[in-house]
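The values are calculated or read from the model by the stated rules, or taken from the named source; none is laboratory data. Quick caveat, the model's predicted, so the values are computed rather than measured. Positions of Cβ are backbone-derived with ideal geometry, glycine not excepted, and every protein chain shown enters the neighbour counts.
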Amino acid sequence: MIRLEDIWRTFVMGDQSLHALQAVTETFAAGEHVAIIGPSGSGKSTLLNILGCLDKPTRGQYFFDGRAIESLDPDELAQLRLNEIGFIFQAFHLVPRLDATANIELPMTLAGVARKERSERARAALESVGLGDRAGHRPAELSGGQKQRVAIARAISMQPRLLLADEPTGNLDTHSGEQILDLLDGLNQEGITLAVVTHDPEVARRAQRVLEMRDGEIVRRISADEVSDANPIFDRGRVGKRP
């Protein structure tokens, strides 16, 4: 599904260059569940942004279903992000003045989906995350776990094939975090390709395979059962917050 070839992302700061990603070559098969781990500043979120076409590599090639991303014009790139890729973030990014249904409908509105279909898809997405009874609630009226469920419902409303999650349980308590991870596991089992950035060994162990990053490079590729709590990158951060 995805092939990255010698991807670099370099930021120029004055007369210095910072390599946030360097020489990253990796493939992601359709339907995979991949965890991306590493210390802060290792390039995890930068890699996720590249995968989601929110950022462009400084050099190297990114192929999505055989299409070279650099060959797409801005409209084609926007359509790829909108129709093929879903995003879930630690901070939810819901619009405060809109209720759950309206928040879920936002990407469909941008895509020109008809009002009736938007409503039907939003209702189905809310039901799929167990929030059918919260359709008219605004973010301020929802718990952290419920907000993240709405964010997931919004992410899947366009029926993406790739779902990218950046610390999706970071702002949640343990119970809510487990519920969110169960939802993500279920979506992956339905065929959605899932890539999750995490500092949490419990989250990483749910994946099929794990990429460990340091200093912008992938330094290890391991299976989920090789993830160790003793790894120093897991000194902080677990599923949700401990009481």
Arg221 fails exactly one of (1) modelled with pLDDT of 75 or more; (2) within 21 Å of the chain's Cα centre (by Cα); (3) part of a loop (DSSP other than H, G, I, E, B), namely (3)
Being within 18 Å of the chain's Cα centre (by Cα), under 19 Å from Asn49 (Cβ atoms) and part of a helix (DSSP H, G or I) narrows Arg149, Arg154 down to just Arg154
Conditions (1) under 15 Å from Lys44 (Cα atoms); (2) modelled with pLDDT of 95 or more -> Ala207 fails only (1)
By residue number, the members of the range 145-190 that are among the small types (Gly, Ala, Ser) and over 21 Å from Glu120 (Cβ atoms) are Gly145, Ala165, Gly170, Ser176, Gly177
Residue check, Arg121 within 13 Å of the chain's Cα centre (by Cα), within 20 Å of Leu82 (Cα to Cα) and among the charged types (D, E, K, R):
no
For the range 139-161, pairs from a residue that is closer than 23 Å to Leu110 by Cβ to a residue that is at pLDDT below 95 and of a type in the set (Lys, Arg), with Cβ under 6 Å and 6 or more apart or across chains, are Pro139/Lys147; Ser157/Arg121
Being in contact with a strand residue (DSSP E or B) (Cβ under 8 Å, 6 or more places away or on another chain), modelled with pLDDT of 90 or more and within 26 Å of Asn171 (Cβ to Cβ), is that true of even one residue in the range 87-102? yes
Check: Looking at Asn171, is it of a type in the set (S, T, N, Q) and touching a helix residue (DSSP H, G or I) at 6+ places or on another chain (Cβ under 9 Å)?
Finding: yes
Of the residues in the range 160-174, those that are surrounded by fewer than 19 Cβ atoms within 10 Å (Cβ to Cβ) and either at pLDDT 90 or above or β-branched (Val, Ile, Thr) (or both) come to Arg161, Thr174
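The rows are residues; the columns are (1) small (Gly, Ala, Ser); (2) over 25 Å from Ser157 (Cβ atoms).
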position: Met13; (1), (2): no, yes
position: Gln16; (1), (2): no, yes
position: Ala20; (1), (2): yes, yes
position: Ala23; (1), (2): yes, yes
position: Lys44; (1), (2): no, yes
position: Leu54; (1), (2): no, no
position: Arg67; (1), (2): no, no
position: Ile85; (1), (2): no, no
Residue hits (the range 11-41; among the small types (Gly, Ala, Ser) and out of contact with any helix residue (DSSP H, G or I) (no Cβ under 8 Å at 6 or more places or on another chain)) are Gly14, Ser17, Ala23, Ala29, Ala30, Ser40, Gly41
**Prompt:** Would you say Ser223 is of a type in the set (Ser, Thr, Tyr), surrounded by fewer than 22 Cβ atoms within 10 Å (Cβ to Cβ), farther than 21 Å from Pro107 by Cα and in contact with a helix residue (DSSP H, G or I) (Cβ under 9 Å, 6 or more places away or on another chain)?
**Reply:** no
Going through the range 52-68 in order, the residues found to be within 22 Å of Phe89 (Cα to Cα) and either basic (Lys, Arg) or without any contact (Cβ under 8 Å) to a residue 24 or more places away in the chain (or both) are Lys56
The number of residues in the range 179-191 that are touching a residue at least 40 places away in the same chain (Cβ under 8 Å), more than 16 Å from Gln90 (Cβ to Cβ) and not in a loop (DSSP other than H, G, I, E, B) is 2
